[in-house]
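The values are calculated or read from the model by the stated rules, or taken from the named source; none is laboratory data. The structure displayed is predicted, hence computed values, not measured ones. Reconstructed Cβ throughout: ideal geometry from the backbone, glycine too, with neighbour counts over all protein chains shown.
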């Protein structure tokens, strides 16, 4: 078993999971396995923010870091997590109106 801390940002923190971080004790796993565990724990509202409904894969706009490194520069969702890893999840976000004047 390994302990992994997950930090949530943006709308995930304020509206979906309603907490800044949580530690999970898991069997050794990948980022993809962790996401599935988070969806089991927090439910369909979290899944709607993290998973593309057309492909059933993590949305391309999701930003995930493991120990400060974007998983896209590692092995993506197949990145293996280790004891003590810190996973930061930044959901897709939209900006407000931009004034170009």
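Summary table
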{"quantity": "Output for segment 44-67, where each listed residue is free of Cβ contacts under 8 Å to residues at least 12 places away in the same chain and either assigned to a helix (DSSP H, G or I) or on the phi > 0 side of the Ramachandran plot (or both)", "calculated": "44, 47, 48, 56"}
{"quantity": "Residue satisfying condition, being modelled with pLDDT of 90 or more and closer than 15 Å to residue 88 by Cα, within set 23, 40", "calculated": "23"}
{"quantity": "Check on residue 84, at pLDDT 90 or above and in a loop (DSSP other than H, G, I, E, B)", "calculated": "yes"}
{"quantity": "Within segment 68-84, considering residues that are in contact (Cβ under 8 Å) with a residue 60 or more places away in the chain and touching a strand residue (DSSP E or B) at 6+ places or on another chain (Cβ under 6 Å), the one farthest from residue 52 (Cα to Cα)", "calculated": "83"}
{"quantity": "Subset tally (residues that are closer than 15 Å to residue 38 by Cα and either modelled with pLDDT of 90 or more or surrounded by fewer than 12 Cβ atoms within 10 Å (Cβ to Cβ) (or both)) for segment 60-76", "calculated": "1"}
